[in-house]
Structures are given as structure tokens and as C-alpha cells.
Amino acid sequence: MLRNALLWASTNPFLAERLPRSRAVQRATRRFLPGERLEDALGEAARLQEGGAGTTVTLLGENVTTPVEADGVVTHYLHVLEAVRAAGLNTELSVKLTQLGLEQDVEATRQRLEHVVRACDPGSLVWVDMESSAYVDRTLEVFRGVREDHQNVGMCLQSYLRRTQEDLDKLLPLQPAIRLVKGAYKEPPEVAFPRKADVDQSFLRLSSTLLRARKEGRVGRPVIATHDQRMVAEANRMAHELGVGKDAYEIAMLYGIQTAEQERLVRNGYQLRILVSYGTHWFPWYMRRLAERPANVWFVVKQLIG
Ligand SMILES: Cc1cc2nc3c(=O)[nH]c(=O)nc-3n(C[C@H](O)[C@H](O)[C@H](O)COP(=O)(O)OP(=O)(O)OC[C@H]3O[C@@H](n4cnc5c(N)ncnc54)[C@H](O)[C@@H]3O)c2cc1C
């Protein structure tokens, strides 16, 4: 119930307009968001790098409505790549295609993504986020279009979608870099597994496909992106059994979630990448984070009254 309410709130324009103005709400977001400015995110990226973790940064925002806005996002990301290079950071980008104009024009979105990918250093990746199921076909089409000509673009896939195993099998001939997540949106049961046990089982099956494909050189970098310690332990066990080295895949988590586990993984020699978000359009994203763990709502309430 609470998850559904929070996911509903994440798409409500009235709340998106008003709640972020509240200072108390802004204070409560600091656990997951070091700040609204790029400098805040890169400052945290430098600190995390000293602790042994790589990072991915993402400018919050989705569903732009004009080409001018989408072009502005491209310009911003080109600036981010320069700032990352100048600071010598192990930091990659993750972008939402609806922020690059996916709802308006698929081909223009492909061109914008390609523009950013071209500016990315070899060996580094520009990741494409996966958004709600209405965008999956168009997102994969854009990814394919760019991946055919460029190595340094990666794709996120969601284990809660019934279609994902088939999508992954179709993508493998491209030797793609894949980030596997469970999925964060409200989806109907025809499209996504409603039971957590099925989402988890699908996650493990897809992790196995990815790690096997890595062993056979059929996939670029596999990224196991979850805070679920059972999923992480199982993926590490599978990799070990297959003889896939710790440097041949990554584990990824969100900034501020399971930090003790993040530190433990680094200490034990695993490659960890932490996704750090920034920007002023944090409301829908923040609501999705609360929906993932109802206990977070009590954390916010405490901040609001404390
Ligand atoms: C690097 C990265 C990139 C992502 N990119 C995308 C994307 O492109 N598209 C997309 O749909 N989703 C994305 N997600 C979000 C993802 O789909 C899940 O919603 C999110 O990771 C929570 O699921 P989980 O795998 O951690 O497992 P869950 O089963 O939800 O959680 C497992 C345990 O982790 C802890 N936990 C999980 N979430 C939180 C939280 N918010 N606060 C505190 N503790 C928590 C809890 O202890 C929980 O019991 C991304 C996640 C990561 C880590």
C-alpha cells in the first residue's frame, strides 16, 4: 500500500512542484543526495574514490518536453565529462533517455546520446538508465543504434520485467556492457512480476546469464546493481565458481544505501561503483527511493519533526 502511494506520489505534478520547496524535506534528502550541484556530486566522487570505489553520476530529471531542454542536457553532460577528466576521477555517467527527448523524437535522442558517448574517454562508459515499461522498446532501439558504432555505452536492464531474459539474449551479440537492477517503477502484473520472490529469482537467473557470457567473452562489463546482500553474495559465488575474476565485473549501489556493506565489498577486493545523483529535479527519484524501503519514510518523518 505504502509503496503504491509513494510511486503514485512520484508521478504527481502538484507534489513535485510544492514539496521540494520545503527546507525540512530538502534536509531529509541529504542521506541519498550529497547536494543539488554537480560540484557536490564530484566532491563526493573524489571522497569515495579515496575509499576505493568508482562512481557513476547522474543529473536528476526525466521527461523533458522540448528539444531545447534535451540539447541543454547534452551540453551539461559534455561539461561533466570535462570536469571528470580534469579531476582525474573514476566516474562514469548514467542518463535517462526521456531527458534526451525520447518522448518526442527517437532519432534525435539517438543522436544526442551518440554525441555524449563520442565525448567519453575510451575505457569509460555512458550508461543508459531503464525507465518505465512504456519506454523499453524505444530505449533498446536507441541503445542498439549507438552501440553498433561505439564501445563505450552500457545498458541497464530490470529483472522485474517478464521480457528481460529475451531482451538480454537479443542484446548479447552486441557484446554489451549491462547493468542489472530489479526495477523501480510501478508496473502492471502482465508486464512485471508482482511477487518479490519472482523478481529475485529472475535477478539471479539474469546474473548467471551475464556472468557466463562474461566468461565466454560475449558481454562487456556486467554490473550487478543491488543492495540486496543475498543477490550480491550469490553473484559473487557464481562468479567465483565460473572463474570470473573480481576485476571482470562490478557491483553497484546507490549513494547512501548499505554503506557498511559497500565498505566491506571494497575491503574484500570487489569492484564497487556507487551511483551519485544531483540536480534540482529530485522529487520523483526520491519518492522511488522511499518506496523501495518503507523504513525510509520514518527516517524522513524524524527529520521533518526533529
Ligand atoms: C547503481 C544502480 C542503478 C540503478 N538504475 C536503475 C535504472 O536505470 N532503472 C530502474 O528502474 N532502477 C534502477 N535502480 C534501482 C533498482 O531498480 C531498485 O529499485 C533498487 O536498487 C532497490 O532494489 P534492490 O535491488 O536494492 O533490492 P530490494 O529487494 O528492494 O532491497 C534489498 C535490501 O536493500 C536495502 N534497500 C533497498 N533499497 C533501499 C533504499 N532505498 N533505502 C534503504 N535501503 C534500501 C534494504 O535493506 C532492502 O531490504 C538502480 C539501482 C542501482 C543500485
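The values are calculated or read from the model by the stated rules, or taken from the named source; none is laboratory data. Computed from a predicted structure; not experimentally measured. No Cβ is skipped: glycine too gets one built from the backbone with ideal geometry, and neighbour counts run over all protein chains shown.
Residue-wise test of (1) at pLDDT 95 or above; (2) in contact with a strand residue (DSSP E or B) (Cβ under 6 Å, 6 or more places away or on another chain); (3) more than 19 Å from Val117 (Cα to Cα).
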{"site": "Ser22", "(1), (2), (3)": "no, no, yes"}
{"site": "Arg30", "(1), (2), (3)": "no, no, yes"}
{"site": "Ala53", "(1), (2), (3)": "yes, yes, yes"}
{"site": "Ala70", "(1), (2), (3)": "yes, no, no"}
{"site": "Val74", "(1), (2), (3)": "yes, no, no"}
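When Leu93, Leu113, Leu102, Leu78 are screened for being within 25 Å of Asn63 (Cβ to Cβ), assigned to a helix (DSSP H, G or I) and within 16 Å of the ligand (Cβ to nearest atom), only Leu113 passes. Basic (Lys, Arg), surrounded by fewer than 18 Cβ atoms within 10 Å (Cβ to Cβ) and at pLDDT 95 or above: is that true of Arg110 in this structure? No, not satisfied. Does at least one position in the stretch 198-207 carry a residue that is within 11 Å of the ligand (Cβ to nearest atom) and more than 20 Å from Leu272 (Cα to Cα)? Looking through the stretch 198-207, at least one residue is within 11 Å of the ligand (Cβ to nearest atom) and more than 20 Å from Leu272 (Cα to Cα). So is Leu161 modelled with pLDDT of 95 or more, within 10 Å of the ligand (Cβ to nearest atom) and more than 16 Å from Val95 (Cα to Cα) or not? Taking the combined requirement at face value, the residue satisfies it. Only a single item in (1) away from the ligand (no atom under 12 Å from the Cβ); (2) out of contact with any Phe, Trp or Tyr (no Cβ under 9 Å at 6 or more places or on another chain) is not met by Ile178, and it is number (1). Here the condition is being modelled with pLDDT under 95, more than 26 Å from Ala53 (Cβ to Cβ), within 12 Å of the ligand (Cβ to nearest atom) and outside any strand (DSSP E or B); of Tyr135, Tyr185, it holds for Tyr185 alone.
Has the stretch 264-272 got at least one residue that is modelled with pLDDT of 95 or more, touching a Lys or Arg at 6+ places or on another chain (Cβ under 7 Å) and either within 20 Å of Leu168 (Cβ to Cβ) or not small (Gly, Ala, Ser) (or both)?
Here is the first cut: in the stretch 264-272, the residues modelled with pLDDT of 95 or more are 264-272.
Subsequent filtering for residues that are touching a Lys or Arg at 6+ places or on another chain (Cβ under 7 Å) retains 269-271.
Subset that is either within 20 Å of Leu168 (Cβ to Cβ) or not small (Gly, Ala, Ser) (or both): 270-271.
Checked against the condition, which is being modelled with pLDDT of 95 or more, touching a Lys or Arg at 6+ places or on another chain (Cβ under 7 Å) and either within 20 Å of Leu168 (Cβ to Cβ) or not small (Gly, Ala, Ser) (or both), the stretch 264-272 yields at least one hit.
Pick from the stretch 208-238 the residues that are touching a helix residue (DSSP H, G or I) at 6+ places or on another chain (Cβ under 7 Å) and polar (S, T, N, Q): which of them is nearest to Val126 (Cα to Cα)? If we take residues in the stretch 208-238 being touching a helix residue (DSSP H, G or I) at 6+ places or on another chain (Cβ under 7 Å) and polar (S, T, N, Q), then Thr226 is nearest to Val126 (Cα to Cα). Close Cβ contacts (under 7 Å, 6 or more residues apart or on different chains) running from residues in the stretch 144-165 that are under 23 Å from Val117 (Cβ atoms) to residues that are surrounded by 23 or more Cβ atoms within 10 Å (Cβ to Cβ) and modelled with pLDDT under 95 are absent.
Residues in the stretch 234-276 that are away from the ligand (no atom under 12 Å from the Cβ), under 19 Å from the mean Cα position of the chain (by Cα) and in contact (Cβ under 8 Å) with a residue 60 or more places away in the chain: Gln271 alone. Residue check: is Val300 at pLDDT below 95, assigned to a helix (DSSP H, G or I), within 12 Å of the ligand (Cβ to nearest atom) and not acidic (Asp, Glu)? Here the answer is yes, as Val300 does meet what is asked.
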